[in-house]
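Encoded as structure tokens, the structure appears first; notes follow it.
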Amino acid sequence: MTSHKRKTGRRRALIGGLSALGITGAALVTSSLLAPAGAAPAAPTVAAWPQAKGSKPVPASIEVSGTYDGKLKRFYGTGELGSDGQGESQKPVFVLKDGAILKNVILGSPAADGVHCLGSCTLQNVWWENVGEDAATFKGTSASSVYAVYGGGAKSASDKVFQFNGAGKLVVTKFQVSDFGKLVRSCGNCKKQYPRTILINDVDITTPGKSIVGVNANYGDTATLRNIRIHGDTGKKIKPCTRFTGNNTGKEPKEIGTGPDGVSCRYSAGDLTYN
Ligand code: DGU
Ligand code: CA
Ligand code: CA
């Protein structure tokens, strides 16, 4: 038997075994199981965007207390929420009361000021097709506020995706972002400032983008990065973590450094993978 035939025979046997397990050929095509022997493993793929199940114009902010399941409908701003610009005074499409959960929502375009959380909140499987002024703003005033972003993704943010203006802790997990300014920014110049805790874990970041997270070193912020997969950034231009001197006067904050320092920016090279 030639080595080629031997390989084919083995592969047939493998496929036979897998179909016995109910695994189809279609499922195999995307897996690395059929990669030629010795080939480099395929670059890990990023989760697919969901298909919207209908669209809904939103003329005034939808207030959420408890749980709101958008059932993967596309929500987009109209009227007062429809200016489709970078104006800072825009209202959100969704405003979440303390403890609210928003899930299975696609924000279409225009997305105005996205989602506002007035206290602790969970954004689960929320997708922004074209980020408005920003995607979500976290505004709780208690140090015990927790904001959880789990799953979902955002595209085309002129500047910030997650704007952290309040107090407490923001945890971003299993999220994807592409074409953005900053994934998370602790407000550099809000009238009331707080020490803010940021954890970003298990995310896919696709170029172009400026920075994954920006923190105010002078207000005691910390940002921790783990399992960050960066795609397409061959020149390593995206800054993983940037430190600023924040202020409460509204002026443009000054950037003071970038990279891990073990205090404000907590990660090491091993927390980032490039492909
Ligand atoms: O207090 O100066 O741009 O929430 C407000 C801040 C300003 C914010 C931020 C936002 O940084 O308005 O979109
Ligand atoms: Ca803004
Ligand atoms: Ca905003």
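Only the coordinates and a few stated rules stand behind these numbers; no lab work does. Model, not experiment: these values are computed from the prediction. Note that each Cβ is placed from the backbone with ideal geometry, even for glycine, and that neighbours are counted across all protein chains shown.
Structure notes:
- Fewest-first ranking of Thr45, Thr242, using other Cβ atoms within 10 Å as the exposure measure: Thr45, Thr242
- Contact order relative to length of region 55-274, as percent, for alpha carbon pairs under 8 angstrom and 6 or more apart: 12 percent
- Relative contact order of region 59-102, pairs being alpha-carbon contacts under 8 Å that are 6 or more residues apart, as %: 62 percent
- Largest first, the three principal axis extents of the alpha carbons in the chain are 78, 45, 32 Å in whole numbers.
- Centre-to-centre separation between the Cα atoms of region 122-180 and those of region 205-275: 15 Å.
- Annotation: the residues Glu88, Glu63, sorted from fewest to most other C-beta atoms within 10 Å of their own C-beta, follow the order Glu88, Glu63.
- Here the gap between Thr258 and Glu80, fully extended at 0.36 nm per residue and compared with their Cα-Cα distance, gives a gain of 60.2 nm.
- Every helix of 4 or more DSSP H residues in the chain counts as -39500 (n - 2.57), and over all residues that averages to -2500 deg cm²/dmol at 222 nm.
- Between Ser142 and Thr249, full extension at 0.36 nm per residue minus the direct alpha carbon distance yields a gain of 36.4 nm.
- DSSP loop trypsin sites (Lys or Arg not before Pro) with at most 13 other Cβ within 10 Å excluded, longest remaining stretch of the chain: 54-190
- Antiparallel DSSP beta bridges within the chain, as percent of all bridges there, nearest 5: 5 percent
- Between helix 3-20 and the chain: long-axis angle, C-alpha atoms, 0 to 90°, nearest 10: 60 degrees
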